[in-house]
Amino acid sequence: WPSIYVGIDVIVNQETPPHLDKVSAPSLLDLPVSLGTHDAQFHVLDLHSIFSYQPGTMIYLAGKLLHHSVPKWEKGERIALA
């Protein structure tokens, strides 16, 4: 199907270490989407910020410019589309 995004990653039950997105353009925003039954948090290290990343959460992010991660969570299954 047509999409404005270059690619989509499906991440299942994996911690995401701090990183920058390599494929993204600096002028575009990424849109990670959280699904599942988990209680994870989304960290944006360069902003010293932690966001609730409950199922149904969508976060617009300049992923090529801001280091971000999802550390280990306590319970539930996590599926992320990024």
For the chain, with all protein chains present and a 1.4 Å probe, just round the carbon and sulfur fraction of the accessible area to a whole percent. 63 percent
With the other protein chains left in place, how much accessible area per residue, in square angstrom, belongs to the chain at a 1.4 angstrom probe? 67 Å²
Net +/- balance of residues flanking residue 28 in space, Cβ distance below 11 Å, scoring K and R +1, D and E -1: -1
Work out the length of the dipole vector of the chain about its Cα centre, built from +1 on the beta-carbon of each Lys and Arg and -1 on the beta-carbon of each Asp and Glu, and round it to the nearest 20 debye. 60 debye
After finding the eigenvalues of the alpha carbon gyration tensor for the chain, what semi-axes result from the square roots of 5 times each, listed largest first in whole Å? 20, 16, 10
Whichever aspartates and glutamates have a C-alpha closer than 15 Å to that of residue 72, once near sequence neighbours (fewer than 8 apart) are set aside: 15, 39
Computed FRET efficiency, Cβ-Cβ of residue 48 and residue 81, R0 25 Å: what is it to the nearest 0.05? 0.45
Surrounding net charge for residue 80, when Lys and Arg each add one and Asp and Glu each subtract one, Cβ distance under 15 Å: -4
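The values are calculated or read from the model by the stated rules, or taken from the named source; none is laboratory data. A quick note: this is a predicted structure, and the numbers were derived from the prediction, not measured. Using ideal geometry, Cβ is built from the backbone for each residue, glycine included, and neighbour counts are taken over all protein chains shown. Ligands, DNA and RNA are excluded from the accessible area calculation, which covers all protein heavy atoms including side chains. Shrake-Rupley method; radii C 1.70, N 1.55, O 1.52, S 1.80 Å.
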